[in-house]
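Worksheet for the structure shown next.
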Amino acid sequence: MQGYIIFIAHNFRPLLLLCWYCKILTICLSLFFFSVFFLCAVMLHSPAMAEEAGMFMVHQTVGSVLCCKCGIPMAPNAANMCVKCLRSEVDITEGLQKHVTIVHCPECDCYLQPPRTWIKAQLESKELLTFCVKRLKNLNKVRLVHAEFIWTEPHSKRIKVKLKVQKEVLNGAILEQSYVVEYVQQEHMCESCSRVQANPDQWVASVQLRQHVSHRRTFFYLEQLILRHGAAASAIKIKQMEQGIDFFFANRSHGVKFVEFVGKVAPVRSRSDKQLVSHDSKSNNYNYKHTFSVEISPICREDLICLPPKVRSSLGNLGPLVICTKVTNSIALFDPFTLRHCFLDTDQYWRYSFKSLHTSRELVEYIVLDIEIISPEVNVGGSRFALADAQVARVSDFGKNDTIFNTKTHLGHLLNPGDYALGYDLYGANSNDDELEKYKGLVIPDAVLIKKSYEEKRQKKHAKARPWKLKSLGMEVDDKAKLDQEKVDSEYEQFLKDLEENPEMRLNISLYHNEEYQPSERASMSDGEDAPSVPLEELLADLELRDDKDEDDSSMRE
C-alpha cells in the first residue's frame, strides 16, 4: 500500500502543480477585473476624469415627470407636484405671526424687550432686525433662511420685515416660502426719559471734570476718547463749563463707571459726595444725589517741566528739565538733552502735585540756521530721536537784532538748515518756579526745541477744508461760563493740526470721511509740500461705501 502511494505521488506531481498555478492565475484575474470595474465606476461618477482618460461618455439628462395636479413637466420630487400646486395645497406660514406691536421710546430711540429691558437700535440696523425676529412667536416650527427690511416711510410708525422660511411638507418635500411681517410702533417713553421730561434737572449722579489750565486741548482729546468707547452713552445731559465738562446720569452706577473710564485714560484724582433729597420713614428708603469731582492733572503734552528733587531722584536723576511727550493714566517724561525717558504714574504725580514750567501756549517759533548731529538716531519709547547741536534764531528777531542761540535738541533727525521749529524761549522768559530755584548751579539752556513747525508750508495750501472730520458730544453751554469762542476755535484748530502731525494720537480716536470735502486742482490730501496729513487708509474704517441713493431705495422697495 505504501508503495502504491509513492507511485501516485511521483506520477501525478505535475498535475498537482498545474492545479496550484491555475488557482493563483484565477485570483490574479479576479483582482484585475475588479480593478478595471472600480476604475470605470469612478470615471462614470467623475466625467472630468473620464474625459481626461479619453473614454466615451454618454451625456445623461435629468428626467422630468408630470405634475399630478396641473400636468406640467417638472423635475421629480417627493410630492410629485410643482411648486405652485404645492403652495396651493400647503401654507407653511399658517399660524405664524404677521402683525406685531412693539414699544418704542421716541426720546432715546430705544425698543422695549419685555419685561423691562430697553434696547437701543437704529432703523434698518442689525440690532433692530435681530430684535424684530426674536419678537416672533412659533418661529421655531419652521427654519428661517433669510430676513431683510422692506422700506417704509420713517413717519409711518411701521416696520416691515420680509422673512424666507423652509419646512418639510408632503412625503418629505422641502417647501420654501416668503412672507412679510408688519411691526406697529407704539410710542411710549422709557423710565429715564420720563423722569427727564418731567423734570430736566432730576439727575441722580453728576461727574464734574475739571482741569486748571488756560486751554481746552485736553478736553478736545478726551471728548474723542469718550465718543470712541461710548463712555457717555448713558448720560442724560452734558454741559460745557468754563474749566471743564459736567456729565449727568440717571443712576449712580453709570457715574461710577464713567469715573473709572476717565481714570484709565488720564491721571486724575476724584472724590465723591452725596446730598439727601428725600426720605420715606415708613419704608426707610433714602434718595440721594451723588456728585463726583474729578480733577485732571494740569500736565499736558509738550509742556516743559522742572522736576522736584525728590521726584528726580526716584526717576534715576532724570532731568531736571524734561518734556511731557504723552499723557494717559501715566505721564511720559523725556529728557531732550540725554534722550532718556520714563513714566510717572498717577500716585507718584499726585503725591507731589507739581506744575509745568512752561505750557504749549508759550511756544516761540525759531528758524534753524545750522545743525550738527552728535549721536546716531535711536528709538526711544516707540519714537525716533537723534541728538544734535543746533544754532537757531527767533523769527520775531528778524530785522531787529542778530541774536543767535546755540542749544542741544533731540530733533536732529527732522531739522535741517532753513527749517522752522517751535520751542520755549528760556533766554527771555521770567521763570518764577519754586522747583527751579532748588537746583543751585543749574545751567539753563537759552532755548528748548519741542517740535518741527509746518506753519509756513500749511499757508501754501489753497483749500482750507480737510478730507476728514471728527464727531462731537451734544453739549449745552452753561450760561455762567464765560467762553471766548474765538479762542476755543483757535485751540480746536491747533488740536486738529496736532492730529495731523502725531500718528500716535490718531490711534485712539475715530476719523470720519468728510462728505462735504471737494478737492480742488491746487489742493491735495497733503497740507502743502511735505506737510503732515492724515492718510486715506486711516479713514477707510469709517468710510461709508454705498451705491447711489436711488438704487438703494429701489432695492428696498422690491
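Could you run through the range 116-147 and say how many residues are over 23 Å from residue 106 (Cα atoms), without any contact (Cβ under 8 Å) to a residue 40 or more places away in the chain and touching a strand residue (DSSP E or B) at 6+ places or on another chain (Cβ under 8 Å)?
The qualifying residues number 5.
Per the conditions (1) over 39 Å from the mean Cα position of the chain (by Cα); (2) within 17 Å of residue 179 (Cβ to Cβ); (3) of a type in the set (S, T, N, Q), the sole criterion not satisfied by residue 97 is (1).
A quick yes/no check of all residues on (1) open to solvent by less than 70 Å² (accessible area, probe 1.4 Å); (2) touching a helix residue (DSSP H, G or I) at 6+ places or on another chain (Cβ under 9 Å); (3) within 22 Å of residue 233 (Cβ to Cβ):
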{"site": "110", "(1), (2), (3)": "yes, yes, yes"}
{"site": "147", "(1), (2), (3)": "yes, yes, no"}
{"site": "151", "(1), (2), (3)": "no, yes, no"}
{"site": "158", "(1), (2), (3)": "no, no, no"}
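Per-residue answers, yes or no, for (1) assigned to a helix (DSSP H, G or I); (2) modelled with pLDDT of 70 or more:
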site: 52; (1), (2): yes, no
site: 57; (1), (2): no, no
site: 71; (1), (2): no, yes
site: 78; (1), (2): no, yes
site: 84; (1), (2): yes, yes
site: 96; (1), (2): no, yes
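Scanning the range 85-105 for residues that are loosely packed, with under 13 Cβ neighbours inside 10 Å and either touching a residue at least 60 places away in the same chain (Cβ under 8 Å) or under 21 Å from residue 70 (Cα atoms) (or both) returns 88, 98, 99, 101.
If only one of 379, 406 is open to solvent by 70 Å² or more (accessible area, probe 1.4 Å), part of a strand (DSSP E or B) and closer than 25 Å to residue 430 by Cα, which one is it? 406 is the lone residue from the list that is open to solvent by 70 Å² or more (accessible area, probe 1.4 Å), part of a strand (DSSP E or B) and closer than 25 Å to residue 430 by Cα. For the range 128-176, filtering for residues that are of a type in the set (S, T, N, Q), more than 31 Å from the chain's Cα centre (by Cα) and farther than 14 Å from residue 96 by Cβ leaves 2.
The values are calculated or read from the model by the stated rules, or taken from the named source; none is laboratory data. Keep in mind that this is a model prediction, so the values were computed, not measured. We place every Cβ from the backbone using ideal geometry, glycine too, and count neighbours over all the protein chains shown. To get the accessible areas, we keep the full protein, side chains included, count just its heavy atoms, and leave off ligands, DNA and RNA. Shrake-Rupley method; radii C 1.70, N 1.55, O 1.52, S 1.80 Å.
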